[in-house]
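Colleague: Quick one: this structure, given as structure tokens, is what I'll be asking you about.
The values are calculated or read from the model by the stated rules, or taken from the named source; none is laboratory data. Since the structure is predicted, the reported quantities are computational estimates derived from the model, not experimental observations. Positions of Cβ are backbone-derived with ideal geometry, glycine not excepted, and every protein chain shown enters the neighbour counts. Protein only, heavy atoms only, side chains kept; ligands, DNA and RNA dropped before computing areas. Shrake-Rupley method; radii C 1.70, N 1.55, O 1.52, S 1.80 Å.
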Amino acid sequence: MDITILGIESSCDDTSAAVIRGTTLLSNVIASQAVHIKYGGVIPELASRAHQQNIIPVVDTALKEAGVTPDKIDAIAFTRGPGLLGSLLVGTSFAKGLSIAHNIPMVEVNHLQGHILSHFIDLPDSEIPHPAFPFLCLLVSGGHTQIVKVSSPLEMEIIGSTIDDAAGEAFDKCAKVMGLPYPGGPVIDRLAKEGNPEAFIFAKPHVKGEFDYSFSGLKTSFLYTLRDCVKEDADFVEKHKADLCASLQATIIDILLNKLIKASKQLGIKDIAIAGGVSANSGLREAITEAGRRRGWRTFLPPLKFTTDNAAMIAISGYYRYKQGMLSELSIAPVARLEELL
Ligand code: KG4
Ligand code: ZN
């Protein structure tokens with residue numbers, strides 16, 4: 001019988017549970033938290049409380065949809081970090097409780113590695129192409145932006161990362177100053193389709209690290225443009241929303257691809273993947289596909305449902321770790337920062 005893994009994800013504002021058998025996904029349940037919308041961002045204390053309310057029904061539904069009882073689970077994979085500590089604590093504690101109650105081992109998963117390994121989830125009724133090792137993954141989430149060289153499911157090397165804000169943060173913060181709802185990325189994506197990407201020019205970074213990124217300068221440049229224009233015309237944002245979104249998105253994509261192309265050239269790697277919430281961006285997906293077509297890359301875009309936070313990616317990561325006997329102790333604690341995990 002193939003290995004069966006229950007995955008639990010609670011790093012930010014989505015409570016999710018998934019069951020995977022071998023590498024095939026049997027269920028993937030996600031409860032998104034509406035409580036943050038009115039604040040225009042995630043409030044950590046409210047997030048952990050919502051996780052507490054959601055986690056039992058979410059895990060229960062995932063098991064039922066998969067047709068699996070706890071005694072058929074080989075291991076519980078859970079997100080140990082990075083993320084919000086209170087949120088991570090709910091998932092970790094729940095995993096411990098289930099582990100003790102049913103005598104099932106636990107496997108810790110790095111959330112960012114989970115995003116990358118979402119490319120290896122198989123669906124029962126369709127085949128998703130998998131990149132070959134080694135490949136490069138542009139990991140773009142709400143809190144991180146990295147270029148990762150992936151040599152195997154368990155061997156990953158961060159070769160570049162942002163020195164300040166993440167790409168997702170640039171989307172979310174610029175959306176916020178335009179008065180758009182949280183999370184801003186999907187809203188900007190939608191509005192950008194109606195706008196002219198060349199209408200505005202924003203600052204692009206010059207970062208020393210060969211494959212490193214920076215997005216805080218772009219954010220400031222965006223803010224200054226808005227401030228100056230709103231002084232002249234109070235309705236400026238309303239009138240030019242689509243052009244602002246299109247120009248901002250085009251700048252972010254340009255910054256992201258520039259370093260990725262450089263890394264691919266320098267390392268001679270042509271299997272290129274993207275992962276994380278921002279990999280849902282339609283402009284980025286088109287641009288990377290086009291860049292890859294011109295350069296002879298095999299480009300891998302995750303299915304949209306695996307771009308933002310989900311437990312399927314935690315379950316598949318747990319599968320690879322469990323196969324290598326990488327179990328976690330009951331005394332394990334969650335960690336908020338990536339540096340503490342490495
Ligand atoms: O990976 P993720 O779900 O959570 C973290 O691990 O952070 O990423 C969330 C980020 C948010 O910044 C959100 O605005 C962004 O992904 N995002 C998008 C899109 N969908 C989600 N950004 C741009 N375009 C999208 N379509
Ligand atoms: Zn994430």
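Colleague: Counting only heavy atoms of protein chains, what accessible area per residue, in Å², does the chain have with a probe of 1.4 Å?
Modeller: Ligands and nucleic acids excluded, the figure is 44 Å² per residue.
Colleague: Enter the angle in degrees (range 0 to 90, nearest 10) between the Cα long axis of helix 216-232 and the first principal axis of the Cα atoms of the chain, meaning the one along which they spread out most.
Modeller: The two axes meet at around 50 degrees.
Colleague: Just want to confirm a number: the relative contact order over the chain, from Cα pairs under 8 angstrom separated by 6+ residues, in percent.
Modeller: On the way: 738 pairs, mean separation 85.7, N = 342.
Relative contact order of the chain: 25 percent.
Colleague: Here is a further query. Mind jotting down the three principal axis lengths of region 1-146 based on Cα atoms? Whole angstrom, largest first.
Modeller: Rounded to whole Å, the extents work out to 45, 40, 25 Å.
Colleague: Quick one: grab the alpha carbon gyration tensor of region 123-163, order the square roots of its eigenvalues as a ≥ b ≥ c, and give me rounded if a/c is under 1.5, else prolate or oblate depending on whether a/b is larger than b/c.
Modeller: Because a/c hits 1.5 or more and a/b fails to exceed b/c, region 123-163 counts as oblate.
Colleague: Would you please name the chymotrypsin sites (Phe, Trp or Tyr not before Pro) within region 87-189 that are DSSP coil residues with at most 15 other C-beta atoms within 10 Å of their C-beta?
Modeller: Of the chymotrypsin sites (Phe, Trp or Tyr not before Pro), not one in the loops of region 87-189 has a Cβ with at most 15 other Cβ atoms within 10 Å.
Colleague: Could you check the spin-label model distance between Glu339 and Ile128? Points 7 Å from the Cα along Cα→Cβ, value in nm.
Modeller: 3.2 nm
Colleague: Using DSSP loop states and a limit of at most 13 other Cβ atoms within 10 Å to flag GluC sites (Glu not before Pro), what is the longest stretch of the chain containing no flagged site?
Modeller: Numbers: sites that count: Glu127, Glu194, Glu198, Glu210, Glu329.
Result for the longest clean stretch: 1-126.
Colleague: Something else: How about region 178-272: which trypsin sites (Lys or Arg not before Pro) there are in a DSSP loop, with at most 14 other Cβ atoms within 10 Å of their Cβ?
Modeller: Lys193, Lys208
Colleague: Restricting to region 135-225, compute how many DSSP beta bridges are antiparallel as a %, nearest 5. Walk me through the intermediate numbers first.
Modeller: Values: 12 of 13 bridges.
Counting DSSP beta bridges with both partners in region 135-225, the antiparallel share is about 90 percent.
Colleague: Can you pull the percent of the chain's accessible area that's carbon plus sulfur, 1.4 Å probe, other chains left in place? Mind dumping the intermediate values first?
Modeller: Details: 7850 of 15000 Å².
Answer for the chain: carbon and sulfur cover 52 percent of the accessible area.
Colleague: Sticking with this one: If each DSSP helix of 4+ residues adds -39,500 (n - 2.57) and the sum is divided by the residues in the chain, what number results at 222 nm, nearest 500 deg cm²/dmol?
Modeller: Mean residue ellipticity, 222 nm, calculated: -14000 deg cm²/dmol.
Colleague: At a Förster radius of 45 Å, what calculated FRET efficiency corresponds to the Cβ-Cβ distance of Glu194 and Asp71, to the nearest 0.05?
Modeller: That pair, Glu194 with Asp71, gives E of 0.25.
Colleague: Follow-up question, since we're still on this one. If the only charges are +1 at each Lys and Arg Cβ and -1 at each Asp and Glu Cβ, what is the size of the charge dipole of region 138-194 around the Cα centre, to the nearest 20 debye?
Modeller: So the magnitude is around 200 debye.
Colleague: Rounded to the nearest 10 degrees, what's the angle between the helix 167-177 long axis and the longest principal axis of the chain, both from Cα atoms, 0 to 90?
Modeller: Tilt of helix 167-177: around 60 degrees.
Colleague: Report the equivalent ellipsoid semi-axes for region 135-205 in whole Å, largest first, defined as the square roots of five times the eigenvalues of the gyration tensor built from alpha carbon atoms.
Modeller: Rounded to whole Å, the semi-axes are 28, 13, 12.
Colleague: Percent antiparallel among DSSP beta bridges with both residues in the chain, to the nearest 5?
Modeller: Antiparallel bridges make up about 60 percent of those DSSP assigns within the chain.
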